[in-house]
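Shown next, in structure tokens, is the structure this report addresses.
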Amino acid sequence: MSSIIESKFISSNANTVLKCADYSKRAKCFAFGSSNLIHLYSPSKFKTYLTLNHHTDRVNGVKWIDNNKEEGNELMELISIGGDAKIVHWVNV
């Protein structure tokens, strides 16, 4: 007997702390903390396209770094800080 499992609906909520969400014009997406995860949400596609997992406690802040404004530079950087006393530098997310 085989069964097929198909997801119909997945949801998450944003952490209720200030600075726990940020929008990048270059990436055209929101990054927001949800529990100990970071979700990257595309408003144009109405879905989360990537979930980042490294923190072991609640994510308290996320911030996109748009230092590289040069044409053709595809380097995307995100900083996150959590209640686990970790600061994580995400590159090419």
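For the chain, averaging the sequence separation of C-alpha pairs within contact (under 8 Å, six or more residues apart) and dividing by the residue count gives a relative contact order of 21 percent. Rolling a 1.4 angstrom probe over the chain with all protein chains present gives an accessible area of which 54% lies on carbon and sulfur atoms. Here residue 86 is the anchor, and the lysines within straight C-alpha reach of less than 18 Å, apart from those fewer than 8 places off in the same chain, are 19, 63. How large is Rg over Rh for the chain, taking Rg from the Cα atoms and Rh as the Kirkwood inverse mean of 1/r across Cα pairs? Rg/Rh for the chain comes to 1.05. Around the amide H of residue 35, modelled in the peptide plane, lie the amide H atoms of 15, 59, all under 5 Å away and 5 or more residues distant in sequence or on another chain.
The values are calculated or read from the model by the stated rules, or taken from the named source; none is laboratory data. In this text, all values refer to a predicted model and were calculated from it rather than measured experimentally. Side chains included, ligands, DNA and RNA excluded: accessible areas come from the protein's heavy atoms. Shrake-Rupley method; radii C 1.70, N 1.55, O 1.52, S 1.80 Å.
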